[in-house]
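Notes for the one structure printed next.
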Amino acid sequence: MSAQEKRRAIINQQVRPGMNRLEVESALGRPDRISTTNTATRYHYNLKRGRSSLVVLDEKGCVKG
């Protein structure tokens, strides 16, 4: 993913595979809850109208595809 594609995704509040933790937080803000397992970190976001979103980061801190 190029820098321009990452920048465009952040502006549009989208998360793409390969983005790192800081890029995810730039796009979506601080997560409402963080949970971790041995190999992954999960960012939980509570969205509007009772909806939620989950972003899974691998052990290197990048979004899994």
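The values are calculated or read from the model by the stated rules, or taken from the named source; none is laboratory data. Just so it is clear, the model here is predicted, and its values are computed rather than measured. Neighbour counts run over all protein chains shown; Cβ positions are idealised from the backbone, glycine included.
Taking the range 30-43 as the range and being surrounded by 11 or more Cβ atoms within 10 Å (Cβ to Cβ) and not hydroxyl-bearing (Ser, Thr, Tyr) as the test, the residues that pass are PRO31, ASP32, ARG33, ILE34, ALA40, ARG42. Remark: pairs (first residue in the range 39-65, more than 16 Å from GLU25 (Cα to Cα) and at pLDDT 90 or above; second residue outside any loop (DSSP other than H, G, I, E, B) and aliphatic (A, V, I, L, M); Cβ separation under 8 Å; 6+ apart in sequence or on different chains) = ALA40/VAL56; ALA40/LEU57. Within the range 24-43, the set of residues being under 13 Å from the mean Cα position of the chain (by Cα) and not in a strand (DSSP E or B) comprises VAL24, GLU25, SER26, ALA27, LEU28, GLY29, ARG30, PRO31, ASP32, ALA40.
Residues are listed down the side, and each one gets a yes or a no for (1) in a strand (DSSP E or B); (2) surrounded by 11 or more Cβ atoms within 10 Å (Cβ to Cβ):
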residue: GLU5; (1), (2): no, yes
residue: GLN13; (1), (2): no, no
residue: GLY18; (1), (2): no, yes
residue: LEU22; (1), (2): no, no
residue: TYR45; (1), (2): yes, yes
residue: SER53; (1), (2): yes, yes
